[in-house]
Structure formats: C-alpha cells, structure tokens
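J.: Pasting a structure here, questions to come.
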Amino acid sequence: MRIDIITVEPDLIKSPFENSMMKRAIDKGLAEVHFHNLREYGFGNYRQIDDYQFGGGAGMVLMIEPIAKCIEKLQSERTYDEIIYMTPDAKTLNQATANTLSLKENIIILTGHYKGVDQRVRDKYVTKEISIGDYVLTGGELAAAVLCDAVIRLIPGVLGDETSALTDSFQDNLLSPPVYTRPSEYEGMKVPEVLLSGNFPKIEEWRSEQAYKRTKEIRPDLLD
Ligand code: 6GU
C-alpha cells in the first residue's frame, strides 16, 4: 500500500512513521509513505498557500491552486483509489473504515490547517472525508497519523501475531475484555480463576461476557 500525505507541517507528522509498528511496516516493504510539503507548490517568492476567506471572518483558508498542482502531479504518476481529506466536519473514523482502507493500493491524504481548504478542493478532488472525533485539533496532521496507524496495522504481515488485530476492541463492535499477566495475585488482588483454568472454551465464553458487559456499561451506543 502506498500513502501520499499532503501537508503544511511535514515535520509534525513524520515521527510516528519513524518508530514502532509503522516503521516496521515500511521497513518490510508492506507500506510506503511519502510526504509532500504543500508550501513547495505555493505562489511566488513567499510560496503563498493560503488567503483570507471571501465574505470575511477570522482565519486563513488554503487555496485550491497549490493543492490542485500537488494532487495532479501525483495523479499523473499513478491512479489513486481514494483522496481523503482530514477535517473535523466529517464522519468519525471507525474500525470498518480502517478495514476498508487497509485493502486499497494507493491513497492520498490531504491535511487541512487554519480554517481548512477552499470548498472547491473538496468538491473536485476529495473522495472521502474523515474526522477522528468530536473535538478540534489545530491541523489535520496528527489525525492523519492516527488514521495511518489504524490502517497500516491491518495490512497482512504487519503485526507479528496475525490474529491479534482480529481480536482488537471494535473489530466486532465490542470493547476488549480485561487482560491479566503475572503475578496471579498482587496485594490480594487475584486474577479471575477461569483464566488460570486451562479450559479454553470456558475462557472464550468468559471473555465474550466481559466484552459485552464492558461495552454495555461504557459504550452502549455500539450495541444499537
Ligand atoms: Cl481530521 N482535523 C482537525 N483539525 N481536527 C480534528 C480532526 C481532524 N478530527 C477531529 N478533530
């Protein structure tokens, strides 16, 4: 999978890709991530990329031309399955979306900044808009890194234990059950007996019950 990220803050977004799971995926050749600094496509000596909004109001808006130049250069080199715009005024990212995106070949992620991008960028180029939650970040860069983490870890071969992504919270719209490791007793707090029983059908049953109970308590909306 190839991901091209168009951003005004390449330095802000790069470090998650240089560490941990995403670095391993890239080193193994399972994911390829390229960063494009929007400023390099800006106007004039100052490489202008934004301007005041028509109609007045605080905050700058990213102009269409630099973004169009960057997207069209990429499109001249390969075909993209999705052009995703990261923005708080969109549907919230969920596991189903991450699963779908993990099957794509080439995607572009455009990250906004300031007041966002000119609406015509969204109308002409963007095929999917994603928010990562109901709060506002200064820019879409951290949100893009979150999206990439959620997607890249699902690419077959990225995680060491193939089954572990399938047992994540949300993979079946349930939260994860509690987990324990050694010691089996800590300051009088005991690990549930069933987990030490070696009875695997019983353990699975307990885990399902706990997952359901936790979901009902914390995120009843997931059960609707
Ligand atoms: Cl994708 N961008 C920004 N700027 N803020 C957000 C977001 C995205 N998702 C939640 N908050």
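The values are calculated or read from the model by the stated rules, or taken from the named source; none is laboratory data. Computed from a predicted model, the values in this text were never measured in an experiment. Reconstructed Cβ throughout: ideal geometry from the backbone, glycine too, with neighbour counts over all protein chains shown. Each accessible area value is taken on the protein alone, full model and side chains, heavy atoms only, with ligands, DNA and RNA left out. Shrake-Rupley method; radii C 1.70, N 1.55, O 1.52, S 1.80 Å.
J.: What's the angle, to the nearest 10 degrees (0 to 90), between helix 64-77's Cα axis and the longest principal axis of the chain?
T.: For helix 64-77, the angle is close to 70 degrees.
J.: Would you tally the net charge around Thr92, using a Cβ to Cβ cut-off of less than 12 Å, leaving Thr92 out, and scoring K and R as +1, D and E as -1?
T.: Its environment carries a net charge of -3.
J.: In addition: Which three numbers, in whole Å and largest first, are the semi-axes of the equivalent ellipsoid of the chain derived from its Cα gyration tensor as √(5λ)? Mind showing how you got there, number by number?
T.: Details: eigenvalues 340, 77, 47 Å².
Working from the Cα gyration tensor, I get semi-axes of 41, 20, 15 Å.
J.: Would you list Ile26, Ile5 from the most to the least accessible area, probe 1.4 Å? Don't skip to the answer; put the middle values down first.
T.: Working: Ile26 55, Ile5 0 Å².
The ranking, largest first, comes out as Ile26, Ile5.
J.: Still on this model: So what's the back-of-envelope 222 nm ellipticity for the chain, counting only DSSP H runs of four-plus at -39500 (n - 2.57) apiece and dividing by all residues, rounded to 500?
T.: Details: 7 runs with 71 residues, N = 224.
Dividing the helical sum by the residues of the chain leaves -9500 deg cm²/dmol.
J.: Shifting gears a bit: Rank these by accessible area, largest first, 1.4 Å probe: Asp27, Asp11. Please list the in-between numbers first.
T.: Numbers: Asp27 105, Asp11 130 Å².
Per-residue accessible area, sorted high to low, gives Asp11, Asp27.
J.: Lys pairs in the chain, Cα-Cα under 17 Å, at least 8 apart or on separate chains: how many?
T.: Taking the Cα cut-off of 17 Å, the pair count is 6.
J.: Moving on. Taking all protein chains as present, what is the carbon and sulfur share of the accessible area of the stretch 174-219, in % to the nearest whole number, probe 1.4 Å?
T.: On the way: 2010 of 3820 Å².
Its accessible area is 53 percent carbon and sulfur atoms.
J.: So, one more: In percent, what relative contact order does the chain have, based on Cα pairs under 8 Å that are 6 or more apart in sequence? Provide the component values of the computation, followed by the final result.
T.: Details: 319 pairs, mean separation 45.9, N = 224.
Relative CO of the chain lands at 21 percent.
J.: Follow-up. What does the stretch 20-125 give for Rg and for Dmax, in Å, if only its C-alpha atoms count?
T.: 15.7, 49
J.: Now for a separate question. Taking the DSSP beta bridges in the chain as the whole, what percent of them are antiparallel, to the nearest 5? Please list the in-between numbers first.
T.: Working: 7 of 29 bridges.
Counting only bridges with both partners in the chain, antiparallel ones make up about 25 percent.
J.: Of the heavy-atom accessible surface of the stretch 20-149 (probe 1.4 angstrom), what whole percent is carbon and sulfur?
T.: 50 percent
J.: For the chain, set up a Gaussian network in which alpha carbons nearer than 10 Å are linked by springs, and say which option among Val136, Val121, Val191 fluctuates the most.
T.: Most flexible of the set in this elastic network: Val191.
J.: Please list, by residue number, every one of the chymotrypsin sites (Phe, Trp or Tyr not before Pro) in the stretch 73-173 that is coil in DSSP and has at most 15 other beta-carbon atoms within 10 Å.
T.: Tyr135
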